[in-house]
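No lab work stands behind these numbers, since they all come straight from the coordinates. This is a predicted model, so every value here is computed, not measured. Cβ atoms come from the backbone with ideal geometry, glycine included; neighbour counts cover every protein chain shown.
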Protein chains: 2
Amino acid sequence: MSRATILASRRLRATPYSTRVAQMGASGYTVYNHMWLATMFGGLAQDYAHLKKYAQIWDVSVERQVQIKGPDAHKLACMISARDLTNAKVGRCYYAPICDQHGKIINDPVALRLADDKYWFSIADSDLLLWVQGLALGLNLDVDICEPDVSPLAIQGPMAEDLMVDVFGEEIRDIKFFQFKAFPFEGRMLNIARSGWSKQGGFEIYLDDGSLGEVLWDAIWEKGEPYYLRPGCPNLIERIEGGLLSYGNDMNRENTPLEIGLEKFINLDSDRDFIGKEALIAQRDVGIKKRLMGIEMDGEEMTPVPEPEDVVVDDVKVGILTSAVFSPDYGANIGFVMIAIEHAHDGAVVEVQSAQGTRKGVICEVSSLWSRAQTSE
Amino acid sequence: MSRATILASRRLRATPYSTRVAQMGASGYTVYNHMWLATMFGGLAQDYAHLKKYAQIWDVSVERQVQIKGPDAHKLACMISARDLTNAKVGRCYYAPICDQHGKIINDPVALRLADDKYWFSIADSDLLLWVQGLALGLNLDVDICEPDVSPLAIQGPMAEDLMVDVFGEEIRDIKFFQFKAFPFEGRMLNIARSGWSKQGGFEIYLDDGSLGEVLWDAIWEKGEPYYLRPGCPNLIERIEGGLLSYGNDMNRENTPLEIGLEKFINLDSDRDFIGKEALIAQRDVGIKKRLMGIEMDGEEMTPVPEPEDVVVDDVKVGILTSAVFSPDYGANIGFVMIAIEHAHDGAVVEVQSAQGTRKGVICEVSSLWSRAQTSE
């Protein structure tokens, strides 16, 4: 099943921008953190081409915030994060995978340090709130943990910066990558980060009053014409090219950060302790058995893969295809595979047994998909 | 937005029965616990009429199990459950709301005691697994907690019992309501409970090997003709008539069990301790400010309500409509409201300001919807 009709209910939450997203013609949705997320407007390839040239406005309210506040907030943040937050600075964002005690990934949020005693973890698709709250209760920590009324709105694409300057002023240019600053809007101060789930550059506005959703959307929309602003959303083609992994697709509760290639974010050799450290050291010592890699596939243009498909060498299953799609700029089908370590190297040849036909695949590093998609432009 | 096209991805998990559900013509879906759940086949009213007369087969794999096993399993189960499980018997099911320390509902699962040291919590739509795992880690309890490969298949409707006897034998009749027994199937022993998310009677089969999904479905389907067996799913009309509440729709993280009318399941006066007890006693002492009630509404036939709609008295908002639909057997629009306590009584008259028009409503007890839907048959 590649698409289906979904019936609305209150259980699937609307966002502060949902009316605008619908008015502007979202043609496909998914459900993410119990909330609607648009996945397509004009079409995957059309949205992709536009994103790489102009500016887009994305409702990414589904990036819910787990807010940790109080005397033990920093201690708890350091404990749950596989990324070292010991010296995390106020005003910075950190990609911070969260593991259980077995080193398995529970979520891969971006952590924002708002104050010495206050963090937001901007989450992927699992109820991380419950893990953090359960843990803090069990440990009797002095923290208050909640999901605040915060709904990020992203402006992405090469023209995003100029558009943001028109709305919020020249100081937007001072925000460095993965940093955030507060800007005034309608009597509030909104945190704006240079970040977002594309490789095209852009910003995420952390609106902390849902009643202002349409006002914020419209304020940006009105300034959009010179930048060919269109509504958009995280784009499957662009994010595969960019090596951006999706929790639930390319990794899940079965995987550790080492298998996903996240070792660079996790210093296992420092003195600091965090949940999952022992298990990850043990896995590193033994050696990982499988690893996430990029793949290029021949044959006809592939559409999105709804279920993991087998990757085979000499009639033996050696892995699964986790995401895939045809990339116009790359000029081939590209995707990610979770593959046995002996085949997890650049140039390894495999066969992908897909519902869309059996085809040849060549393995590569995740990061190399990006460079080739640029070259061929 | 009442319906939308949803694009498939691996993040939205298929179930062991998904191929059959699609083949048999599911015409609407939702996403529940990161998994596909059909919400309609022939149409809401048609599915409803059939469910109340014959037998239906439902893929309710979305009822994921949180398995708690080990020396501290019983202790942990008693700690998290607002329902008293102190004397829980092996082979019994218990509706067991789970609260945080503030008495707010995290999930409202059915707990099955499988052994002295083993429980399944069959969950509603939130990642309860993470709460229980975080808590157990924080408390350093000696338990193993996981989501096992268990995918319930429900047979519901007045003819469900005879059909189940044809498949599993006469001993099916010995299972009492909210009890379960193990039955052989394909070399395994499957737990079968007399339970299910309808008021029509029926069973839930806890298949614990996903690779047998189609085999189990087909084994039941083949015996179905005498019982007019059709594929089905939890039905909005029938569950509102039946007073079955939906987590995320009729209650959420903002509510306590006392506000939802669940006080009968929670003995606050016993010595036992559980998470949320103090907060619930405090709320009881002060008195609840709002309560979930039934409602009957006049006017044209209502379709499902995607967002909470205002309930008003003398131009003042006094509550929200959480679920609503037209019921053919009741002969009116019926639903649930979360309403200020001064209006939470039988016969109170309110106005519902719905996207489907403003209409008059009369408040009633949740349980009284059921009796009237029977009377008018």
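Measuring max minus min along each principal axis, the C-alpha atoms of segment A:65-146 give extents of 28, 26, 19 Å (largest first). Segment B:269-339 and segment B:97-129 have Cα centres lying 22 Å from one another. In straight-distance terms, cross-link reach from A:K75 covers every one of the aspartates and glutamates whose alpha-carbon lies under 14 Å from its own, apart from those fewer than eight places away in the same chain; here that gives A:D84, A:D116, A:D117, A:D142, A:D144, A:D273.
Test of the criteria: in segment B:259-304, which GluC sites (Glu not before Pro) are in a DSSP loop and have at most 13 other Cβ atoms within 10 angstrom of their Cβ?
Details: sites: B:E259, B:E263, B:E278, B:E296, B:E300, B:E301; in loops: B:E259, B:E300, B:E301.
Within segment B:259-304, the qualifying GluC sites (Glu not before Pro) (loop, at most 13 other Cβ atoms within 10 Å) are B:E300, B:E301.
Of the candidates A:N87, A:N191, A:N333, which one comes out as most mobile in a Gaussian network treatment of chain A with C-alpha springs shorter than 10 Å? With Cα springs under 10 Å in chain A, the top fluctuation among A:N87, A:N191, A:N333 is at A:N87. Using a 7 Å projection from Cα along Cα-to-Cβ, the label point at A:T19 is separated from the same position in the remaining copies by 4.6 nm, smallest value first.
For A:R3, B:R113, the sequence from fewest to most other C-beta atoms within 10 Å is A:R3, B:R113. Normalise the Debye intensity by I(0) for segment A:239-289, one equal point scatterer per Cα, no solvent, then take log10 at q = 0.20 Å⁻¹ and round to two decimals. Each listed q corresponds, in turn, to -0.77. Just add up the charged neighbours of B:W221: K/R +1, D/E -1, any other residue whose Cβ is under 11 Å from the Cβ of B:W221. That sum, taken over residues with Cβ under 11 Å, equals -1. Net charge dipole, chain B: roughly 320 debye, given to the nearest 20, about the Cα centre with Cβ charges of +1 for Lys and Arg and -1 for Asp and Glu. For segment B:289-377, count all C-alpha to C-alpha pairs, find those more than 17 Å apart, and express that count as a whole percent of the total. Cα-Cα pairs of segment B:289-377 separated by over 17 Å account for 40 percent.
For the protein assembly as shown, the pair-distance distribution built from all alpha carbon pairs, in bins 10 Å wide starting at 0, is 3, 13, 23, 27, 21, 10, 3, 0 percent. The alpha carbon radius of gyration of segment A:67-108, expressed as a multiple of 2.2 N^0.38 Å, is 1.16. Ordering of B:235-248, A:209-222 by packing is B:235-248, A:209-222, highest average first (other Cβ atoms within 10 Å, averaged per residue).
Hey, what's the Kirkwood Rh for segment A:24-80 if you take every pair of different alpha carbons, in angstrom?
Working: mean 1/r = 0.0706 Å⁻¹.
With all distinct Cα pairs of segment A:24-80 included, I get 14.2 Å.
Here is how the number arises for chain A: DSSP H runs of 4 or more residues each give -39500 (n - 2.57), the sum is divided by the residue count, and the result at 222 nm is -5500 deg cm²/dmol. Other residues lying with their Cβ under 11 Å from the Cβ of A:V165 contribute a combined charge of -4, Lys and Arg counting +1, Asp and Glu -1. Positive end of the dipole of the protein assembly as shown (Cβ unit charges, origin at the Cα centre): among B:V349, A:A279, B:L258, the Cα lying farthest that way belongs to A:A279. Chain A gives an Rg/Rh value of 0.96, both radii derived from C-alpha positions and Rh following Kirkwood. When chain B is treated as a GNM with alpha-carbon contacts under 10 Å, the residue of B:N140, B:N249, B:N107 showing the greatest mean-square fluctuation is B:N140.
From the cross-link list A:K69/B:K290; B:K264/B:K317; B:K176/B:K277; B:K181/B:K264; B:K53/B:K223, which pairs have alpha carbons spaced over 20 Å apart?
Values: A:K69/B:K290 29 Å; B:K264/B:K317 29 Å; B:K176/B:K277 30 Å; B:K181/B:K264 26 Å; B:K53/B:K223 17 Å.
Over 20 Å apart, Cα to Cα: A:K69/B:K290; B:K264/B:K317; B:K176/B:K277; B:K181/B:K264.
Positive contributions from Lys and Arg (+1) and negative ones from Asp and Glu (-1), summed over other residues with Cβ under 12 Å from the Cβ of A:C99, come out at 0.
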